[in-house]
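Before any comments, here is the structure.
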Amino acid sequence: MIRLRGHMICTTADECAAVLAHVAEHTRLSRAEPGCLSFEVTPTDDPMMFEVMETFRSRDDFNAHQTRTRASRWFEATRNVLRDFRVEDLRN
């Protein structure tokens, strides 16, 4: 399994609005991808920060998600939001 976790950090109200405007559709599409085991983008106590947790069955599934995401409306709208992510391989 591959897990991505970390934060999206907005520096402007417009960036925050872009995340909020697109996160529901991005989440729906991500959860529908083959190999997606879990996918969450949730607000934190800081209104300019969102926690991100994703788990995919395999590296190939995760890479396919990354490819789809880079070509999505989500990425276009949130491309300037700072992403502080760690990717972990959870093989047993």
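Quick notes on this structure:
- Spin-label proximity, Thr11 to region 55-92 - amide N less than 11 Å from point 7 Å beyond Cα toward beta carbon: 80-83
- Nearest-ten-degree value, helix 13-31 long axis tilted from longest Cα axis of the chain: 20 degrees
- Degrees between helix 59-70 axis and first principal axis of the chain (Cα, 0 to 90, nearest 10): 30 degrees
- Which of Val52, His22, Pro34, positive extreme of dipole for the chain (C-beta unit charges): Pro34
- Phi-based couplings in Hz for region 41-50 (Karplus 6.51, -1.76, 1.60; Gly and Pro marked x): 10, 10, x, 10, 5, 8, x, 9, 10, 10
- Answer label for Cα extents along the principal axes in Å (calculated), chosen among (1) 35, 33, 23; (2) 48, 23, 21; (3) 40, 24, 17: (3)
- For region 12-34, the residues whose amide N sits under 16 Å from a probe point set 7 Å from the Cα of Leu82 along the beta carbon direction are 12-16.
- Using only side-chain charges placed at the Cβ, +1 for Lys and Arg and -1 for Asp and Glu, the dipole size of the chain relative to its Cα centre rounds to 380 debye.
- Between Arg59 and Leu20, the simple label model (points 7 Å from Cα in the Cβ direction) yields a spacing of 3.9 nm.
Values quoted throughout were computed directly from the atomic coordinates according to the rules given, and no laboratory measurement underlies them. Quick caveat, the model's predicted, so the values are computed rather than measured. All Cβ positions, glycine included, derive from the backbone under ideal geometry; neighbour counts span all protein chains shown.
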